[in-house]
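The values are calculated or read from the model by the stated rules, or taken from the named source; none is laboratory data. Model, not experiment: these values are computed from the prediction. Neighbour counts are summed over all protein chains in view; Cβ atoms, including those assigned to glycine, are modelled from backbone coordinates with ideal geometry.
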Amino acid sequence: MPEIVNAENINIDNNIDEAVSLAKKLYFGGSIFIYPTDTIYGIGANPLNEKAVKKIDKIKGRDERKKNILLINNIDNLLEYVDVQSEKYLDFLLAVWPNPVSVVLTLNDKYKNLLHSSNCAFRIPNHRFCLRLLEELKMPLISTSVNKSNNPPINEPSVIMEEFANEIDTIFYSNNKNYYEASTIIDLSDMKPKVLRQGKMKVDEMIEKYLN
């Protein structure tokens, strides 16, 4: 892939249809892009495109074994990729999504091989642009924080443009302010649920109701 001279900056507030259409083309073309979510800004790409995944790792300067959170559009699509351990886990997912809660689930045999992992964190986001794009893709979308490894996430569009303009194909941004807090992460890859990271949404009561 030729070196990127300067990323294209797209304000999704101006024309969300055009923004979604472009993001879809970038995704299936093997490109990477930055976009807003219901939590922090994310770097996105097709998780099944190994070149794109390696490019993200290189840009962030991180270990290639580091896992990405994947956004997905609905439970039916999710079940193409994972084996859910129990019906109560499914009930929990239906109750908690769409929301800033990422859930680690066991991948099925096909995608264990394709994604080189036994499990992966998924989330149905509560964000219009993300949901519109995911509905078009009908596939998972990488959502990893916009930062260099071991540095805090960057969520101010002007700073993102300054820091990543020469490394990212396209930067989608919004003038709408967000709280910019990472998602809560829950591990449901085993029979006992475990909160790995307490983020934007508190889920203790929902865990008690559905999983205990």
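With the structure loaded, tell me whether Val20 is surrounded by 15 or more Cβ atoms within 10 Å (Cβ to Cβ) and farther than 17 Å from Asn126 by Cβ or whether it fails that test.
no
For region 155-192, how many residues are at pLDDT below 95, under 15 Å from the mean Cα position of the chain (by Cα) and aromatic (Phe, Trp, Tyr)?
Matching residues across region 155-192 total 1.
Under the condition of being more than 10 Å from the chain's Cα centre (by Cα) and outside any loop (DSSP other than H, G, I, E, B), which residue from region 36-51 is surrounded by the fewest Cβ atoms within 10 Å (Cβ to Cβ)?
Lys51
Search region 69-83 for residues being within 24 Å of Asn212 (Cβ to Cβ) and surrounded by 20 or more Cβ atoms within 10 Å (Cβ to Cβ), and hand back the single one that is nearest to the chain's Cα centre (by Cα).
It comes out as Leu78.
Would you be able to say whether some residue in region 78-90 is under 24 Å from Glu156 (Cα atoms) and either small (Gly, Ala, Ser) or at pLDDT 95 or above (or both)?
The answer is no, given that none of the residues of region 78-90 is under 24 Å from Glu156 (Cα atoms) and either small (Gly, Ala, Ser) or at pLDDT 95 or above (or both).
Which condition breaks for Tyr210 when tested against (1) over 14 Å from the mean Cα position of the chain (by Cα); (2) more than 18 Å from Leu94 (Cα to Cα); (3) among the aromatic types (Phe, Trp, Tyr)?
The failed condition is (2).
Of everything in region 52-62 that's free of Cβ contacts under 8 Å to residues at least 40 places away in the same chain and loosely packed, with under 14 Cβ neighbours inside 10 Å, which residue is farthest from Glu156 (Cα to Cα)?
Lys54
May I ask you to verify whether Arg197 is charged (D, E, K, R) and in contact with a helix residue (DSSP H, G or I) (Cβ under 7 Å, 6 or more places away or on another chain)?
No; evaluated as a whole, the condition is false for this residue.
Restricting the search to region 66-122, which residues are part of a strand (DSSP E or B) and touching an Asp or Glu at 6+ places or on another chain (Cβ under 7 Å)?
Passing the criteria: Val104, Thr106.
Picking from Pro125, Pro152, which residue would you name as being touching a residue at least 60 places away in the same chain (Cβ under 8 Å) and either under 16 Å from the mean Cα position of the chain (by Cα) or in a loop (DSSP other than H, G, I, E, B) (or both)?
Answer to the selection: Pro125.
Quick one: Ala45 ticks every box in (1) of a type in the set (Gly, Ala, Ser); (2) over 24 Å from Pro157 (Cα atoms); (3) modelled with pLDDT of 95 or more except a single one, so which number is it?
(2)
In region 170-198, which residues are assigned to a loop (DSSP other than H, G, I, E, B) and either of a type in the set (Lys, Arg) or within 30 Å of Glu8 (Cβ to Cβ) (or both)?
Those that are assigned to a loop (DSSP other than H, G, I, E, B) and either of a type in the set (Lys, Arg) or within 30 Å of Glu8 (Cβ to Cβ) (or both): Ser174, Asn175, Asn176, Lys177, Asn178, Tyr179, Tyr180, Glu181, Ala182, Ser183, Lys192.
Out of Lys177, Lys148, Lys110, which single residue is under 19 Å from Ile75 (Cα atoms) and surrounded by fewer than 15 Cβ atoms within 10 Å (Cβ to Cβ)?
Of Lys177, Lys148, Lys110, the one residue that is under 19 Å from Ile75 (Cα atoms) and surrounded by fewer than 15 Cβ atoms within 10 Å (Cβ to Cβ) is Lys110.
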